[in-house]
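Reading through the structure tokens given below for one structure.
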């Protein structure tokens, strides 16, 4: 059995430019303005929406933008529900990113609250996300953190429509130099997770397998890849 060359496909780094805004243009424009004007103290920003609405992509995109501005990874503090080794607040940070706050453990909530306090002291922007609006987080996070999440700008992110998902899938494929026929797009959207992050990873695997097999991407090739794993 041939092993998949999973490292061959190039997974595009999440950026503000490659985020397909669709109904979320207002939130994207806000983040562009905020990252472009870091000398001014922005009030906190909170993004909320269903799974696959783009919250994590946008937080990672802001991380990339700030790190590129500074030419160093030290300018960003990151915390998500999977973070185990929680860093101490760094005075060099220009933005604190808090992803999936509704899933935080008590320890992570304490860290997020402390980061909020320090961010105010050092004029650092806080960008957070969660599945629910702050008003509905009462049973999920401690009250002092919840009120801070709801203090500044709040944007609801909406999941893309079927047509918009197709556009993004083709856009992701094009970034890898892949041409997807309509039947392949139909197959992928009906047989696999419609989460754009999962589809993007699937394209990585498919790209690598296609290169190893030296075959164009077709439904039979996808089935062959799946049967070989």
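The values are calculated or read from the model by the stated rules, or taken from the named source; none is laboratory data. On a predicted model such as this, the values are computed, not experimentally measured, just so you know. Virtual Cβ from ideal backbone geometry, glycine too; neighbours counted across all protein chains shown.
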| message | Among the residues that make up segment 53-76, is at least one of them at positive phi and over 15 Å from the mean Cα position of the chain (by Cα)? | response | yes
| task | Could you please find all residues in segment 187-215 being within 15 Å of residue 53 (Cα to Cα), without any contact (Cβ under 8 Å) to a residue 24 or more places away in the chain and part of a helix (DSSP H, G or I)? | result | 198
| said: Can you find, within segment 92-112, the residue that is surrounded by the most Cβ atoms within 10 Å (Cβ to Cβ) among those that are over 22 Å from the mean Cα position of the chain (by Cα) and modelled with pLDDT of 95 or more? | reply: 110
| request: Could you check how many residues of segment 24-66 are at pLDDT below 95 and assigned to a loop (DSSP other than H, G, I, E, B)? | output: 12
| task | Report whether or not residue 21 is surrounded by fewer than 18 Cβ atoms within 10 Å (Cβ to Cβ), touching a helix residue (DSSP H, G or I) at 6+ places or on another chain (Cβ under 6 Å) and at pLDDT 95 or above. | result | no
| task | Evaluate segment 190-211: report whether one residue or more is more than 27 Å from the chain's Cα centre (by Cα) and more than 24 Å from residue 22 (Cβ to Cβ). | result | yes
| Only one of these conditions is not met by residue 227: (1) closer than 27 Å to residue 21 by Cβ; (2) surrounded by fewer than 15 Cβ atoms within 10 Å (Cβ to Cβ); (3) at pLDDT below 90. Which number is it? | (1)
| request: Can you give me the number of residues within segment 134-149 that are exposed (fewer than 15 other Cβ atoms within 10 Å of the Cβ) and either touching a residue at least 24 places away in the same chain (Cβ under 8 Å) or outside the structural domain of residue 57 (by TED's automatic domain parsing) (or both)? | output: 1
